[in-house]
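What follows is a short report on a single structure.
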């Protein structure tokens, strides 16, 4: 069922003014246009609302009964439109985003802190997923945009570079490699490693980057989240290869971070959104802030 807002405006204006000329002037339209709007509304409702003679304009019985409802409907519509307009101008509203878990450890919180200081009334829902889950959430409109590992994405998505993130080795302070500042991948061969599982978006990047040199790494344990790798390393189970953005230096005092070289392997993180999607004002503000943060920090710089 459609709502004939122009017809409703015409009826209420005529009912209030009891004069077509003054009602048309109030709506900034001609009397002919006013008459057409009113006629269209009456035809749609199937009843006569206004009785017009050469001397007077009167409401029919149905028109008198409908007038309070029509005024209320117009008032509610005006209020709703005003709220939407003010919300857009103030960039207020709820935001839902998706991201790979590691971006939520250090990088995203800094931006969220800045955003919440500027827009304290906005609520943010963060869906931390695997790379596939992030893309799927954006495509299904469960999230307005996402932060994901760069790679081949669905044709329905567009991406903007955000940051480059190196892979590092984490090990406990009693590990044989703990006191090195950097080690080549080949030196990891004798050690039991905790590695990203095949479901993780990091695994294809590592496999591709290391295929040429083919170090015989001993991946004894596979995990899908870097937080699990940290827990295992903290217990002395083994050393782990993780993205540097996943490192929380104060959370595990005994864990040491060692740069991996020969080769240096990194991943690119991007902001993704659905092609031709129109973000809400609140989401657009957060999206723009993320991009500006990347530009300030240098989107092509490696995170060490």
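Quick note: the coordinates plus some simple rules give every number you see, no bench work behind them. Fair warning: this is a prediction, and the values are worked out from it, not measured in the lab. Here the Cβ is made from the backbone with ideal geometry for all residues, glycine too, and neighbour counts use every protein chain on show.
When DSSP beta bridges are restricted to pairs lying wholly in the chain, around 55% turn out antiparallel. Principal-axis analysis of the Cα atoms of the chain puts helix 5-17 at an angle of about 40° to the longest axis. Taking each residue as 0.36 nm, the span from residue 79 to residue 211 lengthens on full extension beyond its C-alpha to C-alpha distance by 41.3 nm.
Rg and Dmax, both from the Cα atoms of region 154-281 and both in Å, are 16.3, 53. Considering only alpha-carbon pairs that sit under 8 angstrom and 6 or more positions apart, the relative contact order computed for region 163-267 is 52 percent.
To the nearest ten degrees, helix 61-90 and the longest principal axis of the Cα atoms of the chain are 30 degrees apart. With bins 10 Å wide beginning at 0, the percent of Cα pairs of region 5-89 falling in each bin runs 18, 49, 25, 8, 1. Given R0 = 22 Å, the distance between the Cβ atoms of residue 116 and residue 279 translates into a calculated FRET efficiency of 0.75.
Checking a compactness column here: for region 178-234, what do you get for Rg(Cα) / (2.2 N^0.38 Å), N being the number of residues?
Dividing the Cα Rg of region 178-234 by 2.2 N^0.38 Å gives 1.15.
The mean sequence distance of close C-alpha pairs (under 8 Å, at least 6 residues apart), as a share of the length of region 121-201, puts its relative contact order at 31 percent.
Over region 231-301, the fraction of Cα-Cα pairs per 10 Å bin, rounded to whole percents and listed from the shortest bin up, is 14, 32, 28, 20, 6.
Under a 10 Å cutoff between Cα atoms, tell me which one of 268, 280, 56 has the largest fluctuation in the Gaussian network model of the chain. Of 268, 280, 56, the Gaussian network model singles out 56 as fluctuating most.
The label point for residue 237 and the one for residue 155, both projected 7 Å from the Cα toward the Cβ, are 4.2 nm apart. A Förster radius of 51 Å, combined with the Cβ-Cβ distance separating residue 45 from residue 288, puts the computed FRET efficiency at roughly 0.65. Each DSSP beta bridge with both residues in region 163-267 is either parallel or antiparallel, and the antiparallel ones are about 50%. Distance between the pseudo-spin-label points of residue 259 and residue 199 (7 Å out from Cα toward the beta carbon): 3.4 nm. Between the helical axis of 31-45 and the longest alpha-carbon principal axis of the chain there is an angle of about 80 degrees.
Here the extension length gained between residue 182 and residue 228 equals 14.2 nm, from 0.36 nm per residue of separation less the Cα-Cα distance.
Using a simple spin-label model with pseudo-atoms 7 Å out from Cα toward Cβ, residue 64 and residue 106 lie 7.7 nm apart. With helices as the sole contributors, the chain gives -13000 deg cm²/dmol at 222 nm; each DSSP H run of n ≥ 4 counts as -39500 (n - 2.57), and the sum is divided by every residue. One equal scatterer on each Cα of the chain, no solvent, Debye formula: the resulting log10 I(q)/I(0) at q = 0.07, 0.08, 0.11, 0.12 Å⁻¹ is -0.47, -0.54, -0.75, -0.83. Ordering 138, 199 from the fewest to the most neighbouring beta carbons within 10 Å gives 199, 138.
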